[in-house]
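K.L.:
Okay, handing you the structure first.
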Amino acid sequence: MTELITLKEPTSSAAEAYRVLRTNIQFAALNNPIRTLIVTSAANEDGKSYTLANLAVTMAQSGHRTLIVDADLRRPSQHTLWKLPNDRGLTSLLLNTHQGLPIHSTSVPNLTVMTSGPLPPNPADLLGSKRLTEINALWAELADYVLFDCPPVLATADTPLLATRMDAVLMVIKAGATRRDHAQRAAEALSRANARVIGAALTNAPRDASINTYAQRKSP
């Protein structure tokens, strides 16, 4: 598995930031429960998949059954991050071509992964199909939290389409890279889809050495 900061350096300030993000999401769900969460970005290379994987680790470590679903059916990466086969996955479930649930265990207790599966020629049609509506009831049975790794909002119609069927959306913004107008256009696209955007996670921010030292001293 590609080394994730929450596993490689669990006492670092970066790992602590993911735990804070987890807590903020839980607070956002106090009055309006969040079981299915889309993690996306405005454009490519903003770190959405890596952010989702680290967030999922912290949720699993807090005792919640957590499922990662790679819904990026154009450039999937969760199977690479977790070093898993990708011969079956979400597309297998949507096309009903696999007996049982195509879910992989990980080395992290409480954390499982559904990879993308074989890439289809028409991702938007597949994600907008009646079959997805039929299997939507499965997510609550499979995990306490289901995190969907979705394509960048401005790149395809996939994410706004899927966002209408999930509880909430978290945007990932990369410091020094994500253009402000791109972030604004992505937010507007999600708003038009009536998606519930609960906030944004900033990646690539400079580390504060003093905070890192404090986290290392205070962590159990």
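The values are calculated or read from the model by the stated rules, or taken from the named source; none is laboratory data. Small disclaimer: the values here were computed from a predicted structure and weren't measured. Glycine also receives a Cβ, built like all others from the backbone with ideal geometry; neighbour counts cover every protein chain displayed.
K.L.:
Any residue that is out of contact with any strand residue (DSSP E or B) (no Cβ under 7 Å at 6 or more places or on another chain), over 22 Å from residue 114 (Cα atoms) and not in a strand (DSSP E or B) - is there at least one of those in segment 43-63?
P.N.:
Within segment 43-63, one or more residues are out of contact with any strand residue (DSSP E or B) (no Cβ under 7 Å at 6 or more places or on another chain), over 22 Å from residue 114 (Cα atoms) and not in a strand (DSSP E or B).
K.L.:
Suppose we keep only residues that are touching a Ser or Thr at 6+ places or on another chain (Cβ under 6 Å) and under 25 Å from residue 158 (Cα atoms) within segment 58-77. Which one would you say is surrounded by the most Cβ atoms within 10 Å (Cβ to Cβ)?
P.N.:
70
Conditions (1) β-branched (Val, Ile, Thr); (2) in contact with a Leu (Cβ under 7 Å, 6 or more places away or on another chain); (3) at pLDDT 90 or above, marked per residue:
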site	(1), (2), (3)
167	no, yes, yes
171	no, no, yes
177	no, no, no
187	no, no, yes
218	no, no, no
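K.L.:
Taking the residues in segment 90-106 that are within 23 Å of residue 55 (Cβ to Cβ) and not polar (S, T, N, Q) as candidates, determine which candidate is surrounded by the most Cβ atoms within 10 Å (Cβ to Cβ). Talk me through it step by step, then tell me what you get.
P.N.:
Initial filter on segment 90-106 (within 23 Å of residue 55 (Cβ to Cβ)): 90, 93, 101-106.
Narrowing the set further to residues that are not polar (S, T, N, Q) leaves 90, 93, 101-104.
Values: 90: 26, 93: 21, 101: 15, 102: 20, 103: 17, 104: 19.
My answer is 90.
K.L.:
Then there is this: Only one of (1) in a loop (DSSP other than H, G, I, E, B); (2) over 24 Å from residue 189 (Cβ atoms); (3) of a type in the set (Gly, Ala, Ser); (4) modelled with pLDDT under 95 is not met by residue 140, so which one is it?
P.N.:
It is condition (1) that residue 140 fails.
K.L.:
Of all residues being charged (D, E, K, R) and over 19 Å from residue 76 (Cα atoms) in segment 20-57, which is surrounded by the fewest Cβ atoms within 10 Å (Cβ to Cβ)? Just the residue, please. Before you say what the answer is, go through the steps one by one.
P.N.:
To start, the set of residues in segment 20-57 that are charged (D, E, K, R) comprises 22, 35, 45-46, 48.
Filter once more, keeping what is over 19 Å from residue 76 (Cα atoms): 22, 35.
On the way: 22: 23, 35: 14.
Result: 35.
Every residue, every condition in (1) of a type in the set (Lys, Arg); (2) farther than 17 Å from residue 201 by Cβ; (3) touching a helix residue (DSSP H, G or I) at 6+ places or on another chain (Cβ under 9 Å), yes or no:
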site	(1), (2), (3)
42	no, no, yes
47	no, no, no
50	no, no, yes
57	no, no, yes
68	no, no, yes
71	no, yes, yes
74	yes, yes, yes
86	no, yes, yes
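K.L.:
Those residues that are assigned to a helix (DSSP H, G or I) and surrounded by fewer than 23 Cβ atoms within 10 Å (Cβ to Cβ), I need them from segment 161-185; list them, please. Don't jump to the end; show me each part of the working.
P.N.:
Residues of segment 161-185 assigned to a helix (DSSP H, G or I): 161-163, 180-185.
Once the filter is applied, which keeps residues that are assigned to a helix (DSSP H, G or I) and surrounded by fewer than 23 Cβ atoms within 10 Å (Cβ to Cβ), segment 161-185 yields 161, 180, 181, 182, 183, 184, 185.
K.L.:
Moving on. If I filter segment 10-19 down to residues being outside any helix (DSSP H, G or I) and crowded, with 16+ Cβ neighbours inside 10 Å, which single residue comes out as farthest from the chain's Cα centre (by Cα)?
P.N.:
Filtering segment 10-19 for residues outside any helix (DSSP H, G or I) gives 10-12.
Still in the list and also crowded, with 16+ Cβ neighbours inside 10 Å: 10, 12.
Working: 10: 19, 12: 21 Å.
Result: 12.
K.L.:
Could you list, in sequence order, all residues of segment 150-182 that are of a type in the set (Val, Ile, Thr) and either at positive phi or under 14 Å from the mean Cα position of the chain (by Cα) (or both)? Steps first, please.
P.N.:
Step one: filter segment 150-182 for residues of a type in the set (Val, Ile, Thr), giving 153, 156, 159, 164, 169, 172-173, 178.
Passing the criteria: 153, 159, 169, 172, 173.
K.L.:
Here's a check for you: in segment 20-42, which residue that is β-branched (Val, Ile, Thr), outside any loop (DSSP other than H, G, I, E, B) and in contact (Cβ under 8 Å) with a residue 40 or more places away in the chain is farthest from residue 127 (Cα to Cα)? Give the steps one after another, and end with the answer.
P.N.:
So the first thing to find is which residues in segment 20-42 are β-branched (Val, Ile, Thr), and the list is 20, 23, 25, 34, 36, 38-40.
Add one more test, that the residue is outside any loop (DSSP other than H, G, I, E, B), and what stays is 20, 23, 25, 36, 38-40.
Subset that is in contact (Cβ under 8 Å) with a residue 40 or more places away in the chain: 25, 36, 38-40.
Values: 25: 25, 36: 15, 38: 13, 39: 16, 40: 15 Å.
Top of the filtered list is 25.
K.L.:
Test residue 191 against the criterion of being of a type in the set (Ser, Thr, Tyr), in a helix (DSSP H, G or I) and either modelled with pLDDT under 90 or within 22 Å of residue 73 (Cα to Cα) (or both), and give yes or no. Step through it out loud before you land on a result.
P.N.:
Details: of a type in the set (Ser, Thr, Tyr): yes; in a helix (DSSP H, G or I): yes; either modelled with pLDDT under 90 or within 22 Å of residue 73 (Cα to Cα) (or both): no.
It is false that residue 191 is of a type in the set (Ser, Thr, Tyr), in a helix (DSSP H, G or I) and either modelled with pLDDT under 90 or within 22 Å of residue 73 (Cα to Cα) (or both).
K.L.:
Another question, then. Read through the list (1) within 18 Å of residue 199 (Cβ to Cβ); (2) in contact with an Asp or Glu (Cβ under 9 Å, 6 or more places away or on another chain); (3) of a type outside the set (A, V, I, L, M, F, W, C), then give the number of the only condition that residue 86 fails.
P.N.:
Unmet condition: (1).
K.L.:
Okay, moving on. Pick out the one residue from 152, 109 that is exposed (fewer than 15 other Cβ atoms within 10 Å of the Cβ) and touching a residue at least 40 places away in the same chain (Cβ under 8 Å). Let's see the steps before the verdict.
P.N.:
Numbers: 152 fails: exposed (fewer than 15 other Cβ atoms within 10 Å of the Cβ).
Matching residue, one of 152, 109: 109.
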